[in-house]
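Step one of this worksheet: look at the structure below.
The values are calculated or read from the model by the stated rules, or taken from the named source; none is laboratory data. This one's a predicted model, so the numbers in the text were calculated from it and none came from an experiment. Here Cβ is always computed from backbone atoms with ideal geometry, including for glycine, and neighbour counts include all displayed protein chains. Keep in mind that these areas ignore ligands, DNA and RNA; they rest on the heavy atoms of the full protein, side chains included. Shrake-Rupley method; radii C 1.70, N 1.55, O 1.52, S 1.80 Å.
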Amino acid sequence: MRLLIVEDDRGLADTLAAFMREEHFEVDTADNGADGLFMAGQDIYDVIILDVMLPELDGRQLLQRLRAKRLDTPVLYLTAKDALRDKIEGFNLGADDYVTKPFALEELLARVRALLKRKYPADRGELKYKRLTASPMRKEGYVDGHPLSLKGKEYVLFEYLLLHRERILTREQMFDRVWGYDSESAPNVVEVYVSHLRKKLAAYDYDAVIHTVRGVGYKLWDPSDG
């Protein structure tokens, strides 16, 4: 799972990022609303943790613009305000949950996990699509129960494709989601890893499930009824 933390308090942002990484999340951060809006607009995050008071563009404006673009990424509001009207305003703008500073890191983690359960209601112990299964606990992918022996980013890419099955993903989305903005890898690494996945799927005559969308990216799709 990949999180975006938009928080201008660098100390708090670094603490949150380190804590969530220890809990096995991939984390990106932004320290102002303009950068946060750009990153959130890439539509590669599972949850956005958003501070209300931000420079350049505040959290309210960011959230309003995000929802205007019809991006439905769950948003957890972080704010020092606890007045009922502030909470109501946040929910009316499209926030999914609300945490008032100061807060316990464990509470934040629990709320993030609750948002993920809403977004991905299936048991995260097994993510399934047609003949494919991903096991987040084992970091392994399967075809009809047979392990694919996925390594590192191969598994991350495989899980991302399953999470967004039957949806076109751009190469840029895949690169940013799997390798991250700060990666030293070249963007063409996406094609390399898709090729790796296809070769492993080909052993079970299932490589055609990853479709190339010319000039755009890829789509995991099996049109069969099975």
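What to note about this one:
- Lys, Arg +1 and Asp, Glu -1 on Cβ, resulting dipole of region 42-178 about Cα centre, debye, nearest 20: 380
- Cα gyration tensor shape for region 178-226, rounded if a/c is under 1.5, else prolate or oblate: prolate
- Gyration tensor verdict on region 129-171 (Cα atoms; rounded if a/c is under 1.5, prolate if a/b is larger than b/c, oblate otherwise): oblate
- Carbon-plus-sulfur accessible fraction, region 71-225 (probe radius 1.4 Å, protein heavy atoms only): 51%.
- Region 126-174, dipole about Cα centre (Lys/Arg Cβ +1, Asp/Glu Cβ -1), debye to the nearest 20: 40
- Share antiparallel - DSSP beta bridges, the chain, percent rounded to 5: 45
- Solvent-accessible surface of protein heavy atoms, probed at 1.4 angstrom with all chains present, puts Trp179, Trp221 in the order Trp221, Trp179, largest first.
- With DNA, RNA and ligands ignored, accessible area of Asp14 (1.4 Å probe; Å², nearest 10): 80
- Under conditions of 25 °C and 0.890 mPa s, region 66-110 yields 217 µm² s⁻¹ as its translational diffusion coefficient, taking Rh as the Kirkwood radius over Cα pairs in the Stokes-Einstein equation.
- Counted residue by residue at 0.36 nm each, then reduced by the alpha carbon distance between them, the extension gain from Glu22 to Lys81 reaches 18.4 nm.
- (i) 34, 18, 16; (ii) 35, 27, 16; (iii) 27, 18, 16, with the label sought being that of the calculated semi-axes √(5λ) of the Cα gyration tensor in Å: (i)
- Spatially near lysine pairs across the chain, Cα under 18 Å, sequence gap of 8 or more or different chains: 19
- Max mean-square fluctuation residue, GNM over the chain, Cα-Cα springs under 10 Å, options Tyr98, Tyr204, Tyr129: Tyr204
- Extension gain from Val192 to Ala104, taking 0.36 nm per residue of separation minus the Cα-Cα distance: 27.5 nm
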